[in-house]
Amino acid sequence: MAVWAVVAFAACWLVMGLGPLSFLGAVAPFFLAVYFWRRSKGWSLVFGLVNPLVLTAILPVTGYFRGTAALHFHGLPGPGSFNLDRETRLPKIGGGCVVDGSEWLGDDWHNFVLRGCVSVFGPMKGTPSGPYPDEEVLRGPWPEAEWVKVADFNKGEILVGSKSRKVPQGQRLLKAYAPWAEEQQASPPDPMWDDEEFAIRLQAKDFGGGAFAVRIGTAYAGAPLETTILFAGEPARVVGYFWPKESRSRVPRFPPVRPGT
């Protein structure tokens, strides 16, 4: 019986990477636990507890209580793929364009468990609070926005809504989305302003509740690009990146500062 149990247990795990067969490998241990209950309580507990569904649920639960959990996604990332989830405010990680059919366990089941933790216990430790404006608002015009100095953004501290706000890794964000920015530039118009080339517009907007956004507007060789970065929490964390639909093809797939960190 022990040999048969070991073979069955190993087979359940071996098929976990074989696409649709992974469903069988995840469900079979529970039926085997019932089958072994009268024959061997030890093996019944092994099949009931040391199986793919239980073990892969432990990792997101542990990460949730440690404040390090993240939702998983598969497929090629696009602009905004790493933005915090609107419903749970959890960060996202993932990528890869090869899909074999077994991602439901590492991604969908993982995410289901995490969403359940948030529903039962509330937001994960360290989750940025505050409003999460609609993308239309974050991508649309900001007629009432405040101008931000390049030097202040580089130093990681700007003035928004008459309040001093910390900006995480401002220098890295500028290097990624406006590498030609000069610290001497204040706000347009100034002697360094050029609407045709190397133009830099830094604007900020306060959304209340500790949430604010900074828009890095640039024009390189006549091609405009506006990157809006939403921040929230105390200390502030990046919540997400947003661009007009027509310019998404010109932005990097991986953000310089991962949202939620």
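The values are calculated or read from the model by the stated rules, or taken from the named source; none is laboratory data. These figures come from a predicted structure and were not determined experimentally. Positions of Cβ are generated from backbone atoms using ideal geometry, with glycine treated the same way; all protein chains shown enter the neighbour counts. For accessibility, only protein heavy atoms count, side chains too; no ligands or nucleic acids. Shrake-Rupley method; radii C 1.70, N 1.55, O 1.52, S 1.80 Å.
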Members of the range 110-166 that are of a type in the set (Gly, Ala, Ser) and either touching a residue at least 40 places away in the same chain (Cβ under 8 Å) or out of contact with any helix residue (DSSP H, G or I) (no Cβ under 7 Å at 6 or more places or on another chain) (or both): 116, 119, 122, 126, 129, 130, 140, 145, 151, 161, 162, 164
Unmet criterion (only one of (1) modelled with pLDDT of 95 or more; (2) over 27 Å from residue 251 (Cα atoms); (3) not hydroxyl-bearing (Ser, Thr, Tyr)) for residue 100: (1)
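Residues are listed down the side, and each one gets a yes or a no for (1) open to solvent by less than 40 Å² (accessible area, probe 1.4 Å); (2) modelled with pLDDT under 70; (3) farther than 30 Å from residue 251 by Cα; (4) not in a loop (DSSP other than H, G, I, E, B):
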{"position": "16", "(1), (2), (3), (4)": "yes, yes, yes, yes"}
{"position": "38", "(1), (2), (3), (4)": "no, no, yes, no"}
{"position": "69", "(1), (2), (3), (4)": "yes, no, no, no"}
{"position": "84", "(1), (2), (3), (4)": "yes, no, no, no"}
Residue in the range 134-150 that is farther than 17 Å from residue 205 by Cα, open to solvent by 30 Å² or more (accessible area, probe 1.4 Å) and of a type in the set (Lys, Arg) present: no
Output for the range 169-182, where each listed residue is touching a residue at least 24 places away in the same chain (Cβ under 8 Å), open to solvent by less than 30 Å² (accessible area, probe 1.4 Å) and within 23 Å of residue 261 (Cα to Cα): 173, 174, 177, 178
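Just a yes or no: is a residue in the range 226-235 open to solvent by 20 Å² or more (accessible area, probe 1.4 Å) and either modelled with pLDDT of 90 or more or at positive phi (or both)?
So the first thing to find is which residues in the range 226-235 are open to solvent by 20 Å² or more (accessible area, probe 1.4 Å), and the list is 226, 234-235.
Then drop every residue that is not either modelled with pLDDT of 90 or more or at positive phi (or both), which leaves none.
Checking the range 226-235: not a single residue is open to solvent by 20 Å² or more (accessible area, probe 1.4 Å) and either modelled with pLDDT of 90 or more or at positive phi (or both).
Among the residues of the range 224-245, what is the count of those that are hydroxyl-bearing (Ser, Thr, Tyr) and under 15 Å from the mean Cα position of the chain (by Cα)? Please lay out each step first, then the result.
Looking only at the range 224-245, we keep the residues that are hydroxyl-bearing (Ser, Thr, Tyr), and these are 227-228, 241.
From the residues that got through so far, the ones that are under 15 Å from the mean Cα position of the chain (by Cα) too are 241.
Qualifying residue count, the range 224-245: 1.
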Unmet requirement for residue 108, which otherwise passes all of (1) part of a strand (DSSP E or B); (2) open to solvent by 80 Å² or more (accessible area, probe 1.4 Å): (1)
Selection within the range 117-170 - outside any helix (DSSP H, G or I) and among the hydroxyl-bearing types (Ser, Thr, Tyr): 127, 129, 132, 162, 164
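Just to check your reading of the model, which residue among 190, 206 is modelled with pLDDT under 80 and not aromatic (Phe, Trp, Tyr)? It would help to see each step written out before you state the result.
Values: 206 fails: modelled with pLDDT under 80.
Criteria check complete, one pass: 190.
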Pair list, Cβ under 8 Å, 6 or more apart: the range 46-60 residue open to solvent by less than 20 Å² (accessible area, probe 1.4 Å), other residue modelled with pLDDT under 85 and of a type in the set (S, T, N, Q): 52/22
